[in-house]
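See below for the structure under consideration.
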Amino acid sequence: MIRNNFKIAWRNLLKSKGYATINIIGLAIGMAAVLMIAIWVQNQSQFDNFYSNKDNLYRVWNKYEDVGQIGMSNITSGPASVTLKAEYPEVEHAARVYWNVDRLLSFDENKIKSKGTEVDPSFMEMFDFKLLKGNRSQVLSGPQNIILTESLSKKIFGDTDPLNKTLILDNKEPYQVSGIIADLPSNTDFDFNYLIPLTKADNYSPNWNTSTFMTYIQLKDGTDVDAFNKKTKKYHCKKDK
């Protein structure tokens, strides 16, 4: 029975080749589109969702008033992070992230321009990107430490062990390689190839009126985020995704 059905279908295809071709192409395009949409949805659902403590990680948003209108921005002032950590026991960690900057990294004759940013040392405690070399709790403990992604490290050092090697940033600032992390996955908002400690926070944002950083906090287990938001008033913690 099934064999006869296949024979009939095949004969019909041969009789109407043009019509059959259009239908087959349309079906293939439709199936490909559905598959691509499914892959995109899966990627979005996993966006920045791979951290071990993801349920307690939040970005801080700044509430402000402008001409009688209440607005919100995910760019915050320098003191916000320090104050949230110092005055609210619900906060386990807090970290500021500066803008990405393209800088020249030099080692001997190798000179490579790459993008990276400055972060508070607690950043590596909060966001557990895969650390290939180095000690997570110490990789940003020194003011002249630098973390590289695996691909950037290979471009600069090849197969040589990069730990404790000295890089020169922009031909003037020496930094010691303290850690290597795996290249960032595609489903993250972060986009950097190197990290250095944030040591100039007071220069970038000396007071509450200068909004410069993205601020992230890790709340302690069991914290009611709605109740916490009511306590902080000016700031609002929320998930980006």
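The values are calculated or read from the model by the stated rules, or taken from the named source; none is laboratory data. Remember, it's a predicted structure, so these values are computed and weren't measured experimentally. Here Cβ is always computed from backbone atoms with ideal geometry, including for glycine, and neighbour counts include all displayed protein chains. Side chains included, ligands, DNA and RNA excluded: accessible areas come from the protein's heavy atoms. Shrake-Rupley method; radii C 1.70, N 1.55, O 1.52, S 1.80 Å.
Going by accessible area, probe 1.4 Å, with all protein chains left in place, what is the ranking of 82, 67, 101, 225, largest first?
Final ranking, largest accessible area leading: 67, 82, 101, 225.
Using only the Cα atoms of the range 59-103, build the gyration tensor, take square roots of its eigenvalues as a ≥ b ≥ c, and label the shape rounded, prolate or oblate: rounded if a/c is under 1.5, else prolate if a/b is larger than b/c, else oblate.
Oblate, because a/c is 1.5 or more while a/b does not exceed b/c.
Rounded, prolate or oblate: which fits the range 108-200 when a ≥ b ≥ c are the square roots of the eigenvalues of the alpha-carbon gyration tensor, with rounded for a/c under 1.5 and prolate only if a/b beats b/c?
rounded
Just check the range 177-223 against the gyration tensor rule for me: Cα atoms, a ≥ b ≥ c as the square roots of the eigenvalues, rounded for a/c under 1.5, and otherwise prolate or oblate depending on whether a/b exceeds b/c.
Because a/c hits 1.5 or more and a/b fails to exceed b/c, the range 177-223 counts as oblate.
Between the alpha-carbon centers of the range 93-144 and the range 167-241, tell me the distance in whole angstrom.
11 Å
Rounded to the nearest 0.05, what FRET efficiency do residue 182 and residue 220 give with R0 = 41 Å and r taken as the Cβ-Cβ distance? Could you check?
So, using R0 = 41 Å, E works out to roughly 0.90.
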